[in-house]
Structure formats: structure tokens, C-alpha cells
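Notes to accompany the following structure.
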Ligand SMILES: [Zn+2]
């Protein structure tokens, strides 16, 4: 391809509008011809100006207003369907209510934790006696014993020798004694 | 704020079954189906009008008019054809009619250009420079004859393929390429500040 044909086709080449074979031979010519390469740069610069318009933005509310005018003109007495049927709406509200209840019940449980029903002590006297006697408060982190909810006196260093063996401490319990 | 997005180099998209079903509902007078169709196409319609007319309010009016005409004529629309090229054709024709009524240079919306700032770029000097570039591009585009401006905005700004443009403007692919060739040469000359005679000359598309 020569300079004359290249210069003629540059306006289409710059936008990718030439068939592949022609574009290939034009690119080959431009690569070795500084005057044609300069022309290509100038076309690219002016096209970049056009491409800058792609980044424009419409004023806020443009499309809502557009749609409202068309709607009023064509369907003055028809209300748009919301896109959500009433059973969906009911289910959505029920789900929100359930989540709210779950959070409320959970929160109540957490708040009530220090003073639960007294029945636990009467039902489990042996467990209570054994653990209170050996590891007050430490080894029972995951089991709830109402008697231990009150502030405990400091553990005397000698009591530590009466701790149960490590393998009876609940999994994940403290082990840094 | 809504951003315009262009797609490079696509060919003509054929109507899919979902859209055909939607258009059939519109043909039976279903307002919700028409609203759905509008939601899908109103942004691109608006941007085509804006790039042709460079005025936010006029672009909105033209888009509204295009959709109203579409609804009133949809009974005659052949669902085997592309809805979007038909809609954009109506929009471009309305724009060209408007441009011919208004003399060149009077549609430049200088006051409305404040909304063109790119939020992704925080540097005010950079923003101002970009806004200035866009202002200048609009002014140069306004000096082009409508048929050149139409192909240039449809191809380079809105990213339609030459095949799509030939459906939208209602001429052959060769004519679109001829107009595009001529439009890019003219625009480049204007961009470089060269005084050019911009005449709405006849199409010569044999070589394209
Ligand atoms: Zn050369």
C-alpha cells in the first residue's frame, strides 16, 4: 500500500472500520512511513476528542422525568405494576418480623443469663459438688452453673494443685494454668 | 447522575425471544410491557439525542417524543426486525428535523455544561480541562451537516457498528462508511482549527 491510499483510508482505519486485510497492510505501511504515521496520530487526537463525550452525565432525575412524561401522555389512568405481588410483599414482611423476633429473643437470653431458673442446681447436685470443690469457675466455662454466677473469691495458689487432669478440661477451655 | 456507556464494534443484534414477547404485549396495549421496554432503551435514546443536539432539555423532549411515537405506531412494527434500530431511527430523524429548524451554533448548551464533570477525577484543573474539551467538541460537531454528525455520534460516541447505523439512518453500509470517512476528515480539520467549507454534499459511496 502506498502513501496516497494510506492517507485516503486513515479516517476509516482510525475507528477500526477497515476490513482486516486492508487494515493489516495499512498498519504495515504506517510502521515504516513517518509522514503517514504523523497523519495517523492527528486522526487519533481528533477522535480522542469525540470519545471524550462518552464520559458525559445526565442531570439528576433526567430519566425519571422522561418516563413520567411519557407515562402521563400515553397511560393517564393506568398505575404501573409495582413488580412485586402481594404474597411476596407479605412474605417479605414476615421474614423481617422473624429476624426481628430472633434478634429480640436472643438478646433477651443474653441479658437474662446471670439469673436463670433455679431448677438446675437441684437436678445436678453431684456435678456441682465435684466441680466446685476442685476448679471453681475455670473448668466450667461452657457449662452453666447458677451458683458460680456470683463473684468468686480469688483462687489461692495452692488450689491450683487440685485442678483435674488436663484431659478432663472441656475442649477449647483454658489451658494456660 | 447517569453515565453513558458505549460498546465498541458490535454488529447488529437480532431480537431475542424475550423481547419479541414483550413487544407483542405492547402491541396488545400492555402499559407495563411498554414501561419495561422504555427502561431498557431510554438511556441510549437520550444519549443519541443529546450528542446530536447538545442540550439536556431538548434531548429529553426528543426522547419522550420518540417513545410516544413508538407506542402509537407499534401495531405496525414487524417483530422480526430489530426494535432498537427502529426506535433509534425515529430518534435520529427527530433530531435531524430539530437541527434543520435551528440554525447551526444555536443549540450549544453552554450553561448546561456544568454537569459534565467526571466524578472519578478529583483534580479541579483536570476536570475543567476535560469539560473544556467536551465543550469544544460539541461546538465543532454543531458545525457539521446533520447526516455527518449523525454517523459520527452513532459510531464514535455511541459505539454502534456500521451495520447498525445503516439500519438506523436508513441507507446502505457503503453509504454509512462514506459518510463516516467524510465526517472524520471534516471533524479533524475543524479540530485542528482549519477553515473548511462544510457543505451538506451528496453521498459518493462507490469506493466504500
Ligand atoms: Zn506513507
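On the given criteria, is residue A:42 assigned to a helix (DSSP H, G or I), more than 12 Å from the ligand (Cβ to nearest atom) and more than 15 Å from residue B:182 (Cβ to Cβ)?
Against the criterion (assigned to a helix (DSSP H, G or I), more than 12 Å from the ligand (Cβ to nearest atom) and more than 15 Å from residue B:182 (Cβ to Cβ)), residue A:42 qualifies.
Identify all residues within region B:112-136 that are modelled with pLDDT under 70 and touching a helix residue (DSSP H, G or I) at 6+ places or on another chain (Cβ under 6 Å); write none if there are none.
If the condition is that a residue be modelled with pLDDT under 70 and touching a helix residue (DSSP H, G or I) at 6+ places or on another chain (Cβ under 6 Å), then B:112, B:113, B:116, B:117, B:118, B:121 are the ones that fit.
Sort out which residues of region A:53-81 are in a loop (DSSP other than H, G, I, E, B) and facing chain B (nearest Cβ under 7 Å), and write them in order of number.
A:56, A:59, A:60, A:75, A:78, A:80, A:81, listed by residue number.
Could you run through region B:137-157 and say how many residues are within 12 Å of chain A (Cβ to nearest Cβ) and either in a helix (DSSP H, G or I) or at pLDDT 95 or above (or both)?
14
Given the conditions (1) within 15 Å of the chain's Cα centre (by Cα); (2) surrounded by 15 or more Cβ atoms within 10 Å (Cβ to Cβ), which single one is not true for residue B:97?
Status for residue B:97: all satisfied but (2).
Which residue out of A:26, A:10 is under 21 Å from residue B:159 (Cα atoms), touching a residue at least 24 places away in the same chain (Cβ under 8 Å) and within 12 Å of the ligand (Cβ to nearest atom)? Show your work before the answer.
On the way: A:26 fails: under 21 Å from residue B:159 (Cα atoms).
The unique qualifying residue is A:10.
Any idea which of A:23, A:37, A:31, A:27 is more than 25 Å from residue B:46 (Cα to Cα), more than 7 Å from every other protein chain (Cβ to nearest Cβ) and surrounded by 15 or more Cβ atoms within 10 Å (Cβ to Cβ)?
Selected residue: A:23, the only one of A:23, A:37, A:31, A:27 that is more than 25 Å from residue B:46 (Cα to Cα), more than 7 Å from every other protein chain (Cβ to nearest Cβ) and surrounded by 15 or more Cβ atoms within 10 Å (Cβ to Cβ).
The values are calculated or read from the model by the stated rules, or taken from the named source; none is laboratory data. Please read these numbers as outputs of a predicted model, since none were measured by experiment. Positions of Cβ are backbone-derived with ideal geometry, glycine not excepted, and every protein chain shown enters the neighbour counts.
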